[in-house]
1. Apply the a/c threshold of 1.5 to the C-alpha gyration tensor of region A:38-123 and tell me whether it is rounded, prolate or oblate.
2. Show the residues, 5+ positions off or on another chain, whose built amide H is closer than 5 Å to the amide H of B:LEU137.
3. Which shape class, rounded, prolate or oblate, goes with region A:24-168 when its Cα gyration tensor gives a ≥ b ≥ c as root eigenvalues, a/c under 1.5 marks rounded, and past that a/b bigger than b/c marks prolate?
4. Under the rule a/c < 1.5 gives rounded, and otherwise a/b versus b/c splits prolate from oblate, where does region B:34-134 land using the Cα gyration tensor?
5. What FRET efficiency comes out for the pair A:ARG88/A:SER123, r = Cβ-Cβ distance, R0 = 22 Å, nearest 0.05?
6. Kindly write out, for region B:56-68 in residue order, the coupling ³J(HN,Hα) from the Karplus curve 6.51 cos²θ - 1.76 cosθ + 1.60 (θ = phi - 60°), rounded to whole Hz, with x marking Gly and Pro.
7. Can you list residues from other chains, or at least 5 along the same chain, whose modelled amide H is less than 5 Å from the amide H of B:GLN122?
8. Output ³J(HN,Hα) for region B:164-169: one whole-Hz value per residue in order, computed from phi by the Karplus curve 6.51 cos²θ - 1.76 cosθ + 1.60 with θ = phi - 60°, and x for Gly and Pro.
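Read-outs: derived from the displayed coordinates by stated rules, not from any lab. Values in this document were obtained by computation on a predicted structure and should not be read as measured data. So basically every Cβ, Gly included, is an ideal-geometry build from the backbone, and we count neighbours across all protein chains shown.
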Amino acid sequence: MRRPAARRVLRRFSVAGGLAGALALAGCGGGLRPLIGLNLQLAQRGEVRAPSLAGPWLALIRSGEGRGRVELIALERNAPVPLPGLNRPDAQPLSVSVDQRGEHLAVVRQLEGRTELVLYRRSLQALQPIAMQPAGVPRQVQISADGRVLAVELSRDGRWQVDLMELP
Amino acid sequence: MRRRSPLRLLGALPLLLAIASCAAPWGLRRQPSTPLGLGQESRQDPALSGDGRLLASVVERGGRNTVLLQERRSGTVLPLRHLRGRQPHSSPSLSWNGRYLALLVQQGPQRLAVVEDRATGQLHPLPLPGGREPERLSLAPDARQLALQLVEGGQTRVELYDLRGLLEPDLPPGQSLSNPAPPGVILGGAAVRHLERWR
């Protein structure tokens, strides 16, 4: 029973080791300077994707055990902050975007066989579904850093389109 | 039976209004897509500038995915200098005022992250060591950091990079530099004149 867990740990160490090597090489390169501490910590978080940077915040989707979770990392503290009410065990997030204040998170997720766009307000710990009008299936979302505009990529009438929405 | 005075009800009005505004705090205003002026063509990968003024998206041009930069409200297309011939483009990301457009382009057999500086006209290629290829990116609104998603050892992961040695910050109007650029980044002079021209 312990072997898979040990393998996972070994794999994680090897990923972290490989990352450290790659980062050392990258440090010798031109304009890109790796943020080594943050990157090592991100590597230890396992499979992560769909990054969204805004000010002191990094939002991303962390995968594990067949499902995904939205995480919001406070870069100055190098630590995730709680997002009560956002993640559900039966939901699969596809895309996430955060504003500069870390107040709004826009998320596209699959839930109960459908794909939906939701807007999470961290100060209220509240989640609002946003319907596509006319109907469409969202795939990707971005919120402007000032938190005022949403751009949503969605499938509608057999084409990919972009809807824009202004938040009050 | 005691009657409530109208004055007391008036006094409660601000509270009622506050409750009402809390009950519907997220009224959305949808912008029709027609101002974008591109008819029925397919459009993907939207990215907004930090102030929401500009929209970058990927459209098909001559069978190749090409990034298009537009003013969000009017649909006016803004010129990009360096990206022709580097398709397919993907994953655009804009800085706060839209000075910088970061995206993935094709360079030979490889995907490459680049940043176009619309103020100076420079293109900054950002190759990853070890021949690694990025899949997606996100540029911080102030252009101080870049997040890259890549696959290595069969695992998708995210790495962060510091761009302060390469790019001037692109800050919201009125915001001062709390963390000055490291040596090698020159602020002012020609850069300021460029900024005045393109804004």
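1. On the way: a/c = 2.02, a/b = 1.26, b/c = 1.61.
Oblate, since a/c reaches 1.5 and b/c is not below a/b.
2. Close amide H contacts, sequence-distant or interchain: B:GLN149.
3. Details: a/c = 1.67, a/b = 1.61, b/c = 1.04.
Since a/c reaches 1.5 and a/b is larger than b/c, the shape of region A:24-168 is classed as prolate.
4. oblate
5. On the way: r = 20 Å, r/R0 = 0.92.
Efficiency, from the Cβ-Cβ distance: 0.60.
6. Couplings: 9, 8, 10, 10, 8, 10, x, x, 10, 5, 10, 6, 10 Hz.
7. Residues meeting the criterion, in which the H sits 1.01 Å from N, are B:ASP117.
8. After applying 6.51 cos²θ - 1.76 cosθ + 1.60, I find 5, x, 10, 10, 6, x Hz.
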